[in-house]
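A.B. asks: Right, I'll just put the structure down here and ask away after.
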Amino acid sequence: MSSDNLSRRYFFFGSLLAGAVPAAGFGTVPSLRALGYKPYYDKLNVACIGCGGRGGVDMNDAARTENIVALCDVDLDRASQELKRYEKAPLYRDYRVMLDKEGKNIDACTIAVPDFMHAVVGLACMQRGKHVYIEKPLTRTPWEARLLMEAAAKYKVATQMGNQGFSHECHRVAAEIVWSGAIGDVTEAHISTTPGTHPTGLQELPPEESVPATLDWDHWLGAAPMRPYSSWYVPYNWRGFFDFGTGQIGNWATHTAGPVHHALQLGAPLSVECVGIDGKSNITFPNHATIRLDFPARGEMPAVKVFYHDSARATDTDVYHVPGMENETILPPMDNLADKGRPTAPPRNPGQPPRPRPASNVRVGAGGPGVRVFGEPGTSTQRGILTGNGAVFVGTKGIMATYNRGEGVWLLPSARWKEYVLPPQLLTRSPGHMTDWVRACKGGDASCSDFSISSPYAEWLALAAIAFRVPGKLEWDSKNLRFTNSAEANKYVRPVVRKGWELKV
């Protein structure tokens, strides 16, 4: 494929990832102010909703260049370190009260709360005209993802999903390799995640316990129906429960599927099916599963089948053996483009303080020190087999693999990669994921994971989560947001919320 054809063929999608010019252009400072933006030399006033764990990373990242003016968190213990660091900012337990009292002083909000509250909190902020940075996964259900995209368009705010791999150099190089024709037409792709450290495969609800004094359990539940508190939910481990989280789909597949979604220009799938499962549960995500999604042809790109290998281990009976690569290490190392003369993106989490080192006899999982660990984190690697966090593209002319959030990329076999020359840069490069959003908030280009891009992506990831719960091949009607052949699956397309918490754009 010539570079001219490549540019014409992918210009539209490339311009989406690069960001669009505001309707009024870049213009003068007065024109940006008239549109509700701040000039670049003014700092944003940012409110942080969810300050512990990942929320603390986002808060510190935003604080490198902007003002932190208000904080909200329901778990004072989990967020204690970050709350102390910004103790001069007013602290709230209810984000609605914070928005009412501090709204005139808030330009934008970072949102890092459990998955089931992303849409609820994000919508409330956008309805008040606040720009939003919402952590991945964007939403728990496909209906909520569509809702947030519609809300962002209606309220004309800058948005970003916190899947920082979209901003990485290797992620963009992966797309450019595919678009150059180096591996031919891709008709099959495989996405993999490591096992998590949250509960999986539970056959009964966790035991009821007393609510800690530092936790506002009612506000933690938010829109979700009331239930007894258990330390199995809070902190962090809520992500393993269907009612609250998205399992490893939200934890890691949102990252590892990113290069596949972007490079293959995926839209809505025609169908989704769980083709293998271990530890099936009606309460939590399973111990392991494989999901198949079938996507139609897109422009000149052929139809493609995408397999998601959840919590993959080399010992799984359905582990993916990459064809012809029995002696190859499948996933590339991180930031591996130096030998190709390409710099990598800025550090992923420049605002993240170092974690305290735990004692050698203490098990620490993905939730960090002090969080209960379920199962065994991580997985061993084996040549020729796809395990770990990454993806494999199978093309008619070759195979490509990406690592983690799209932070490493190479062609297989290694001998081919050694001699390979990268294609010309087509996409613009990111200044960093948070900075990308801040720039959009001030009237610059739309961010690379703006909801117009990340909402359709979040929709099909949420469909994969539904397939864990409902057996059989589920036919998806994207236009009408429903499955055409399963009333059971349709129960999970949108959330069940408490009275008074209904969502409406």
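The values are calculated or read from the model by the stated rules, or taken from the named source; none is laboratory data. This one's a predicted model, so the numbers in the text were calculated from it and none came from an experiment. Please note: Cβ atoms are built from the backbone with ideal geometry, for glycine as well, and neighbour counts cover all protein chains shown. The protein model used for the area step is the full one, side chains on, heavy atoms only, and it has no ligands, DNA or RNA in it. Shrake-Rupley method; radii C 1.70, N 1.55, O 1.52, S 1.80 Å.
A.B. asks: Give the residues of segment 431-466 that are in a loop (DSSP other than H, G, I, E, B) and either within 30 Å of D278 (Cβ to Cβ) or in contact with a Lys or Arg (Cβ under 8 Å, 6 or more places away or on another chain) (or both), sorted by residue number.
C.D. replies: Looking only at segment 431-466, we keep the residues that are in a loop (DSSP other than H, G, I, E, B), and these are 431-432, 442-450.
Within segment 431-466, P431, K442, G443, D445, S447 meet the criteria.
A.B. asks: Next up: In the set D278, D243, D218, which member is open to solvent by 40 Å² or more (accessible area, probe 1.4 Å), touching a His at 6+ places or on another chain (Cβ under 7 Å) and not polar (S, T, N, Q)?
C.D. replies: Numbers: D243 fails: touching a His at 6+ places or on another chain (Cβ under 7 Å); D218 fails: touching a His at 6+ places or on another chain (Cβ under 7 Å).
D278 is the lone residue from the list that is open to solvent by 40 Å² or more (accessible area, probe 1.4 Å), touching a His at 6+ places or on another chain (Cβ under 7 Å) and not polar (S, T, N, Q).
A.B. asks: Just to be sure, is G384 within 19 Å of the chain's Cα centre (by Cα) and open to solvent by less than 30 Å² (accessible area, probe 1.4 Å)? Full working, then the answer.
C.D. replies: On the way: within 19 Å of the chain's Cα centre (by Cα): no; open to solvent by less than 30 Å² (accessible area, probe 1.4 Å): yes.
The answer is no for G384.
A.B. asks: Now for a different question. Out of L71, L76, L83, I need the residue that is under 28 Å from K136 (Cα atoms), open to solvent by less than 10 Å² (accessible area, probe 1.4 Å) and either touching a Gly at 6+ places or on another chain (Cβ under 8 Å) or at pLDDT 95 or above (or both). Which one?
C.D. replies: Working: L76 fails: open to solvent by less than 10 Å² (accessible area, probe 1.4 Å); L83 fails: open to solvent by less than 10 Å² (accessible area, probe 1.4 Å).
That would be L71, the only listed residue that is under 28 Å from K136 (Cα atoms), open to solvent by less than 10 Å² (accessible area, probe 1.4 Å) and either touching a Gly at 6+ places or on another chain (Cβ under 8 Å) or at pLDDT 95 or above (or both).
A.B. asks: Same structure, new question: Determine whether segment 467-485 contains at least one residue that is over 20 Å from V121 (Cβ atoms), touching a strand residue (DSSP E or B) at 6+ places or on another chain (Cβ under 7 Å), assigned to a helix (DSSP H, G or I) and without any contact (Cβ under 8 Å) to a residue 12 or more places away in the chain.
C.D. replies: So far as segment 467-485 goes, no, none of its residues is over 20 Å from V121 (Cβ atoms), touching a strand residue (DSSP E or B) at 6+ places or on another chain (Cβ under 7 Å), assigned to a helix (DSSP H, G or I) and without any contact (Cβ under 8 Å) to a residue 12 or more places away in the chain.
A.B. asks: Which is of a type in the set (A, V, I, L, M, F, W, C) and out of contact with any strand residue (DSSP E or B) (no Cβ under 7 Å at 6 or more places or on another chain), of F285, F307?
C.D. replies: The conditions single out F285.
A.B. asks: How many of the residues making up segment 429-466 are over 30 Å from S486 (Cα atoms) and either hydroxyl-bearing (S, T, Y) or in contact with a strand residue (DSSP E or B) (Cβ under 9 Å, 6 or more places away or on another chain) (or both)?
C.D. replies: In the first step, residues of segment 429-466 are kept if they are over 30 Å from S486 (Cα atoms); the result is 429-450.
After this cut, where a residue has to be either hydroxyl-bearing (S, T, Y) or in contact with a strand residue (DSSP E or B) (Cβ under 9 Å, 6 or more places away or on another chain) (or both) as well, the list is 430, 433-438, 440-441, 446-450.
Here the count works out to 14.
A.B. asks: So, of the residues in segment 289-312 that are open to solvent by 20 Å² or more (accessible area, probe 1.4 Å) and under 22 Å from the mean Cα position of the chain (by Cα), which turns out to be nearest to A464 (Cα to Cα)?
C.D. replies: So the first thing to find is which residues in segment 289-312 are open to solvent by 20 Å² or more (accessible area, probe 1.4 Å), and the list is 292, 294, 296-300, 302-303, 305, 307.
When the remaining residues are screened for being under 22 Å from the mean Cα position of the chain (by Cα), the result is 292, 294, 305, 307.
On the way: R292: 8, D294: 11, K305: 13, F307: 10 Å.
That would be R292.
A.B. asks: Something else: I'd like the full set of residues that are at negative phi and touching a strand residue (DSSP E or B) at 6+ places or on another chain (Cβ under 7 Å), limited to segment 324-344. Before the answer, list the steps.
C.D. replies: Taking segment 324-344 and keeping what is at negative phi, we get 325-334, 336-340, 342-344.
The answer is M325, E328, I330, L331, P332, P333, M334, N336.
A.B. asks: When the residues of segment 258-311 are filtered to those that are in contact with a helix residue (DSSP H, G or I) (Cβ under 7 Å, 6 or more places away or on another chain) and aromatic (F, W, Y), which remaining residue is nearest to W179 (Cα to Cα)?
C.D. replies: That would be Y308.
A.B. asks: Here is a further query. When only residues in segment 86-98 that are outside any helix (DSSP H, G or I) and not charged (D, E, K, R) count, which is least open to solvent (accessible area, probe 1.4 Å)?
C.D. replies: A89
A.B. asks: Residues to consider are A151, A124, A175, A182; find the one that is over 20 Å from the mean Cα position of the chain (by Cα) and part of a helix (DSSP H, G or I). Talk me through it step by step, then tell me what you get.
C.D. replies: On the way: A151 fails: over 20 Å from the mean Cα position of the chain (by Cα); A175 fails: over 20 Å from the mean Cα position of the chain (by Cα); A182 fails: part of a helix (DSSP H, G or I).
Matching residue, one of A151, A124, A175, A182: A124.
A.B. asks: Filter segment 397-419 down to the residues that are touching a Lys or Arg at 6+ places or on another chain (Cβ under 8 Å) and on the phi < 0 side of the Ramachandran plot, then identify the one that is least open to solvent (accessible area, probe 1.4 Å).
C.D. replies: Only one residue tops the list, namely E407.
A.B. asks: Looking only at segment 99-121, count every residue that is open to solvent by 10 Å² or more (accessible area, probe 1.4 Å) and not in a helix (DSSP H, G or I) and tell me the total.
C.D. replies: Looking only at that region, the number is 4.
A.B. asks: Filter segment 164-185 down to the residues that are touching a strand residue (DSSP E or B) at 6+ places or on another chain (Cβ under 8 Å) and within 30 Å of D436 (Cα to Cα), then identify the one that is surrounded by the most Cβ atoms within 10 Å (Cβ to Cβ).
C.D. replies: First pass over segment 164-185, keeping only residues touching a strand residue (DSSP E or B) at 6+ places or on another chain (Cβ under 8 Å): 170-171, 173-174, 177-178, 182-185.
If we keep only those that are within 30 Å of D436 (Cα to Cα) as well, we get 170-171, 173-174, 177-178, 182.
On the way: C170: 25, H171: 29, V173: 26, A174: 26, I177: 24, V178: 25, A182: 19.
For segment 164-185, the residue satisfying everything is H171.
A.B. asks: Do you know which residues across segment 482-501 are over 20 Å from G279 (Cα atoms), of a type in the set (A, V, I, L, M) and open to solvent by less than 30 Å² (accessible area, probe 1.4 Å)?
C.D. replies: V493
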